[in-house]
Amino acid sequence: MATTNIFKKVLATIDLGDTVSSERVIQAAMEVMVPEDTLHVVCVVPDYGRSMVGTFFPADHEKDMIEHATQELHAFTAEHVPKDTRVQHIIAHGSIYEEIIAAADECQVDLIVIGSHRPALKDYLLGPNASRVVRHARQSVLVVRY
């Protein structure tokens, strides 16, 4: 029996600091998406500028972080996404879960693929980004455990 991919537009969330999770997210996204469509890949650079932590960084630190993330995301997808796949790279800046949801809405995707480690007690109390995306996204969300 032939399988039919029901998700035409997929957003894969990439954490450049967690290669293992990001590789699994790409693999899962490729398995469920329509091969002829574009894979939307988002990486969120956290916003430290408005917090107390932001005062410890130089004024142009966030700009440099965004430029570095752009280069790293392109390198990551070049290595882990099949060459014949169209990729839209999205670098967002701000609250991780809010920016993922905004990118999903902007790209009008059917599915968000996000990685998540096995929950620990602190995750139940604080709520990781993956659980916030699951709770607030309008789209279906596939959580890839690692």
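The values are calculated or read from the model by the stated rules, or taken from the named source; none is laboratory data. Please read these numbers as outputs of a predicted model, since none were measured by experiment. As a convention, Cβ positions derive from the backbone with ideal geometry for all residues, glycine included, and neighbour counts pool all protein chains shown.
What do you reckon, is Ile101 surrounded by 14 or more Cβ atoms within 10 Å (Cβ to Cβ), out of contact with any Lys or Arg (no Cβ under 9 Å at 6 or more places or on another chain), under 25 Å from Tyr146 (Cα atoms) and at pLDDT 95 or above?
Judged against the criteria, Ile101 is not a match.
Would you check which residues across region 23-48 are in a helix (DSSP H, G or I) and either of a type in the set (Val, Ile, Thr) or surrounded by fewer than 16 Cβ atoms within 10 Å (Cβ to Cβ) (or both) and list them? Working first, answer last.
As a first pass, look at region 23-48 and keep what is in a helix (DSSP H, G or I): 23-32.
Val25, Ile26, Gln27, Glu31, Val32, listed by residue number.
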Worksheet item: Can you name the residue in region 104-139 that is part of a helix (DSSP H, G or I), of a type in the set (Gly, Ala, Ser) and closer than 15 Å to Val44 by Cβ and, of all such residues, is modelled with the lowest pLDDT?
Response: Ala130
Worksheet entry | Residue in region 89-98 that is modelled with pLDDT of 95 or more, surrounded by 15 or more Cβ atoms within 10 Å (Cβ to Cβ) and touching a Leu at 6+ places or on another chain (Cβ under 6 Å) present | yes
